[in-house]
1. Given the conditions (1) part of a loop (DSSP other than H, G, I, E, B); (2) in contact (Cβ under 8 Å) with a residue 24 or more places away in the chain; (3) among the small types (Gly, Ala, Ser), and given that GLY43 satisfies all but one, which numbered condition is not satisfied?
2. Of the conditions (1) at pLDDT 95 or above; (2) closer than 24 Å to GLY79 by Cβ, ASP165 fails just one. Which one is it?
3. From the list ALA260, ALA253, which residue is of a type in the set (A, V, I, L, M), within 22 Å of SER120 (Cβ to Cβ), loosely packed, with under 15 Cβ neighbours inside 10 Å and modelled with pLDDT of 95 or more?
4. When you go through ALA98, ALA93, ALA103 one by one, which is the residue that is surrounded by 17 or more Cβ atoms within 10 Å (Cβ to Cβ), among the hydrophobic types (A, V, I, L, M, F, W, C) and more than 22 Å from THR202 (Cα to Cα)?
5. Can you tell me which residues in segment 43-66 are of a type in the set (A, V, I, L, M) and either surrounded by 15 or more Cβ atoms within 10 Å (Cβ to Cβ) or touching a Ser or Thr at 6+ places or on another chain (Cβ under 6 Å) (or both)?
6. Inside segment 112-155, counting only strands (runs of 3 or more DSSP E) that do not spill past its ends, which hold 1 or more residues that are over 16 Å from LEU263 (Cα atoms)?
7. Do you know which residues across segment 1-26 are of a type in the set (Gly, Ala, Ser), surrounded by 18 or more Cβ atoms within 10 Å (Cβ to Cβ) and in a strand (DSSP E or B)?
8. Could you list all residues from segment 27-42 that are surrounded by fewer than 16 Cβ atoms within 10 Å (Cβ to Cβ) and closer than 24 Å to GLY77 by Cα?
Amino acid sequence: MRIAFRKMAGAGNDFIVIDNRQGIVREEGRRELFARWCARRVGIGADGVLLVEPPADGGDFRMRYYNADGGEAESCGNGARCIARFAHLIGAAGREMAFETQAGLYRAVVGERDVVLSMSDPRDLRRAVQLDIPGLFKGEVDYINTGVPHVVVMVNDLEQTPVFDLGRAIRHHAAFAPAGANANFIRLRPDDENGGGIDIRTYERGVEDETLACGTGSVAAALVASLHGHGRSPVSVYTRGGPILRIHFAPAAGGTGFTAIKLEGEARVVYEGIVEV
């Protein structure tokens, strides 16, 4: 069987994107299949797989997202922006759309270069979580779920931070069990028009390594930084992949959280291909 796909990139994250409205990719065996596809050097190579599937609850379509290990995840911010452009290109949605994810209903507006994604409100905010990881870290971190769970760690020297080792330790830490969490390391920048941008490096669960960008992680970082008095909406997040992500948000009623979350940045097609199954 031959399956058509497009390779897409969003701020450094790369994805295999497939129109699965006709069910050509069956549910059975997806984990093993997608893990093979995502393996770099021996497969197509990607941070994850995105499927456009028929809607179940009023959206233009349903988004399914699978990490590079083949496991399905609740959401992916940069992946959602890529699938929005893809859905528009294949005629599954107009330039303005609503689509279903496991993290709730997302809305997107597709522009010539950028895609603006409106996301569900974050939840489960935990401030000043004490962590003691012998030989690597001792101090406070913040936790927030922006569609998927994220830990945010402020550092002074981003280049010297052991992102892989410390990120893996945080990802599996008992404080965030059983689901685990992505680990984001951020350095605050004072030289931004809105009071401060953010440099970020992210260790992603499912990929089990550092990635060049993470949309939901960038949202988490911007929200946590604002809680520490750094930056006003929109916050510019500078990823390892190069392109800047802009995070828009507003305080929720009562001042205990955030609402009106938007993730803005580029999303583009890299190439089209056929994979044999």
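1. (2)
2. (2)
3. Step by step, each of ALA260, ALA253 is checked, and only ALA260 is of a type in the set (A, V, I, L, M), within 22 Å of SER120 (Cβ to Cβ), loosely packed, with under 15 Cβ neighbours inside 10 Å and modelled with pLDDT of 95 or more.
4. Exactly one of ALA98, ALA93, ALA103 is surrounded by 17 or more Cβ atoms within 10 Å (Cβ to Cβ), among the hydrophobic types (A, V, I, L, M, F, W, C) and more than 22 Å from THR202 (Cα to Cα), namely ALA93.
5. Passing the criteria: ILE44, ALA46, VAL49, LEU50, LEU51, VAL52, MET63.
6. Fully inside segment 112-155 and qualifying: 123-133, 137-145, 149-154.
7. ALA9, GLY10
8. Residues satisfying the conditions are GLU27, ARG31, GLU32, ARG36, ALA39, ARG40.
The values are calculated or read from the model by the stated rules, or taken from the named source; none is laboratory data. Being a predicted model, the structure only gives us computed values, none of them experimental. All Cβ positions, even for glycine, are placed from backbone atoms using ideal geometry, and neighbour counts span all protein chains on display.
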